[in-house]
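The values are calculated or read from the model by the stated rules, or taken from the named source; none is laboratory data. Computed from a predicted model, the values in this text were never measured in an experiment. Cβ sites come from the backbone with ideal geometry, for glycine too, and all protein chains shown count toward neighbours. Note: areas computed on protein heavy atoms with side chains; ligands, DNA, RNA excluded. Shrake-Rupley method; radii C 1.70, N 1.55, O 1.52, S 1.80 Å.
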Amino acid sequence: MRSNESAEMYLETILLLTERTSKVRAIDIAHETGYSKPSVSRAMKLLKEGERIRIDDDGYILLTEQGRLIATKIVERHRCLTEFLRLLGVSEDVASEDACRMEHIISDLTFEKMKDFLNQNKQ
């Protein structure tokens with residue numbers, strides 16, 4: 001996994017956990033991703049240094065504005081790609097798994113065209 005892809009995955013996970021529980025700690029991310037606590041801690045250190053997250057006095061992880069923009073973009077891509085693949089007849093599990101890989105590498109132009117296609121073909 002490329003470092004940028006890894007950072008995007010962590011930011012996406014933080015956003016999704018925040019939507020579900022509102023308060024996110026490193027251990028929650030470890031449980032969600034299956035990664036070890038030391039791996040998650042290292043990633044959080046890098047995201048904090050990159051000003052993508054901040055950690056409050058109680059140890060809760062919060063997305064910065066920049067981190068939230070990236071995470072929102074990735075979540076949108078994941079949902080749209082999953083929907084597109086499902087439209088093609090791919091099972092939900094496979095569509096979601098493939099979308100997870102594709103969301104990090106698809107160009108902005110291709111993604112926008114795919115969104116336009118989905119919007120024009122909504123039933």
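Quick look at the numbers
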| item | result |
| --- | --- |
| Residue match in segment 40-58 (condition: part of a helix (DSSP H, G or I), touching a helix residue (DSSP H, G or I) at 6+ places or on another chain (Cβ under 6 Å), open to solvent by less than 80 Å² (accessible area, probe 1.4 Å) and of a type in the set (S, T, N, Q)) | yes |
| Verdict on GLU51 being of a type in the set (D, E, K, R) and either in contact with a Cys (Cβ under 7 Å, 6 or more places away or on another chain) or closer than 27 Å to ASN121 by Cα (or both) | no |
| Among residues of segment 51-105, those that are more than 11 Å from the chain's Cα centre (by Cα), within 24 Å of SER22 (Cβ to Cβ) and acidic (Asp, Glu), counted | 5 |
| Qualifying residue in segment 2-13 (condition: charged (D, E, K, R), at pLDDT below 95 and open to solvent by 90 Å² or more (accessible area, probe 1.4 Å)) | yes |
| Matching option when the condition is crowded, with 16+ Cβ neighbours inside 10 Å and over 16 Å from GLU8 (Cα atoms), among VAL94, VAL90 | VAL90 |
| Neighbours by Cβ (under 6 Å, 6+ apart or cross-chain): first from segment 85-108, over 18 Å from THR72 (Cβ atoms) and among the aliphatic types (A, V, I, L, M); second assigned to a helix (DSSP H, G or I) and open to solvent by 90 Å² or more (accessible area, probe 1.4 Å) | ALA95/ARG86 |
| Qualifying residue in segment 23-39 (condition: in a helix (DSSP H, G or I), charged (D, E, K, R) and open to solvent by less than 60 Å² (accessible area, probe 1.4 Å)) | yes |
| For LYS115: the one exception among (1) over 14 Å from the mean Cα position of the chain (by Cα); (2) within 22 Å of TYR10 (Cβ to Cβ); (3) of a type in the set (D, E, K, R); (4) at pLDDT below 95 | (2) |
